[in-house]
Every structure is written in C-alpha cells, then in structure tokens.
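The values are calculated or read from the model by the stated rules, or taken from the named source; none is laboratory data. Predicted model only: the values in this text are computed from it and were never measured. Here the Cβ is made from the backbone with ideal geometry for all residues, glycine too, and neighbour counts use every protein chain on show.
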Amino acid sequence: MKNTTNRNGELSDNFVEKDYQELLHETISVIESSRVQMARQINMTVMSSHWEIGRLLKERKLDSKHGDNIVRRLSVDLLFFHRRLR
C-alpha cells in the first residue's frame with residue numbers, strides 16, 4: 001500500500017475508497033475507546049481522592065461543632081492553592 005494518495009490528495013488505485021473508509025472507522029473506534037478508558041480512569045482517581053480526603057477528615061474526628069469551620073477554611077485554602085497551580 002505505498003503511495004496511497006497522489007499529489008492532489010486523491011486516493012490511488014491500490015488503496016480504494018472502501019479500504020480507506022474501513023481504516024477511518026477503525027481509527028475512530030480506537031480513539032473513542034481510548035477516550036472512554038481515560039474518562040473511567042479519571043473518574044476512579046477523583047473518587048479515590050474524595051474518599052481519601054473524607055478519611056483524613058474522619059481521622060481527625062471533626063464534629064459538626066468545629067468541623068464546619070475547619071472544612072470551610074480548608075475549602076478556601078485549597079481553592080487558593082488550586083488557582084496558584086494554574
């Protein structure tokens with residue numbers, strides 16, 4: 001399958017349109033599958049992070065009396081930290 005396109009970008013005789021369409025669809029399938037896998041991995045990582053943060057808060061046994069203020073402050077500080085990372 002050498003020289004699949006000519007100088008005008010048209011398909012050459014040895015690589016017919018049907019073959020090209022098949023290649024295109026297979027390539028799109030690989031890309032879509034990769035996107036789904038990445039989204040799942042990102043989702044799992046975010047969930048794991050949230051669980052870990054919850055564990056940290058629980059370990060410190062933050063009751064509602066003091067916990068609300070600490071969580072608010074933590075939220076503000078983390079927001080500031082996150083903005084600095086950008």
### Criterion: surrounded by 10 or more Cβ atoms within 10 Å (Cβ to Cβ), more than 25 Å from the chain's Cα centre (by Cα), modelled with pLDDT under 95 and basic (Lys, Arg) - qualifying residue of Arg72, Arg7
Arg72
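Quick grid of which residues meet (1) loosely packed, with under 10 Cβ neighbours inside 10 Å; (2) assigned to a helix (DSSP H, G or I); (3) among the polar types (S, T, N, Q); (4) at pLDDT below 95:
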site: Phe15; (1), (2), (3), (4): no, no, no, yes
site: Ser29; (1), (2), (3), (4): no, yes, yes, no
site: Glu32; (1), (2), (3), (4): no, yes, no, no
site: Gln41; (1), (2), (3), (4): no, yes, yes, no
site: Met44; (1), (2), (3), (4): no, yes, no, no
site: Ile53; (1), (2), (3), (4): no, yes, no, yes
site: Leu62; (1), (2), (3), (4): no, no, no, yes
site: Asp68; (1), (2), (3), (4): no, yes, no, yes
### Task
Go through segment 43-65 residue by residue and tally those that are of a type in the set (A, V, I, L, M) and within 15 Å of the chain's Cα centre (by Cα).
3
